[in-house]
Amino acid sequence: MFRIEFIASVLLILAVIHTFSISIFSKLSKRGGIHSGIWHSLSEIEIVFGIWALILIAFFIFIEGLEHTILYINSQKFTEPMFIFSIMIVAGSYPIFDFCRKIVKLFCKILPIKNELSNFFLVMSIIPLSGSLITEPAAMTLAAMFLRDYYFHENRKIHFKYLTIAVLFVNVSIGGF
């Protein structure tokens, strides 16, 4: 089992590297050519971890055998990941997002600072703190959607975006305990 855990760790590292290399695959696909379809598939962020999960399963079958692999997969519980996925889908729906947008606008009127600054403050503080009530994944989804719509659509400095996302992760982690 140690071998498969080591291989799984290496594949996870490769999947993370692949995630940060999406733009390279996208540029390769735009060049055209016989392999442009493959490059395009590898540039789709939604399927990166699925591709690497399939590679992991192939290694698992090769090392442990098909029967042991099927027994292992069947022994896993996917209740919590499916719950988190469902919560994020619901939190990202228009009615929930619109309701939260109205609440943020209401609080923005109360704060005695400029609207853009008060909006940013609320997105980075109140929404992550609400993770205790609505779950951390839902708070992260809502905050990310606010940032996308209000701040990240503009051509701001990349350092601002990374710093904002890092602070958001910390805020949601703190707010959710």
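All of the numbers you see were taken from the coordinates with simple rules; none came from a lab. Values in this document were obtained by computation on a predicted structure and should not be read as measured data. Ideal geometry is used to build each Cβ from the backbone, glycine not excepted, and the neighbour counts take in all protein chains shown.
Here are the numbers:
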{"read-out": "Ratio Rg/Rh [Cα only; Rh per Kirkwood] for the chain", "value": "1.06"}
{"read-out": "Shape call, the range 18-119: gyration tensor on alpha carbons, a/c limit 1.5", "value": "oblate"}
{"read-out": "Structure-based [θ]222 nm, the chain - -39500 (n - 2.57) summed over DSSP H runs of at least 4, per residue, nearest 500", "value": "-25000 deg cm²/dmol"}
{"read-out": "Computed E for Ser75/Ile55 - FRET, C-beta separation, R0 25 angstrom, nearest 0.05", "value": "0.75"}
{"read-out": "The chain: DSSP helices with Cα axial extent of at least 15 Å and average Kyte-Doolittle hydropathy no lower than 1.6", "value": "2-20, 48-64, 79-91"}
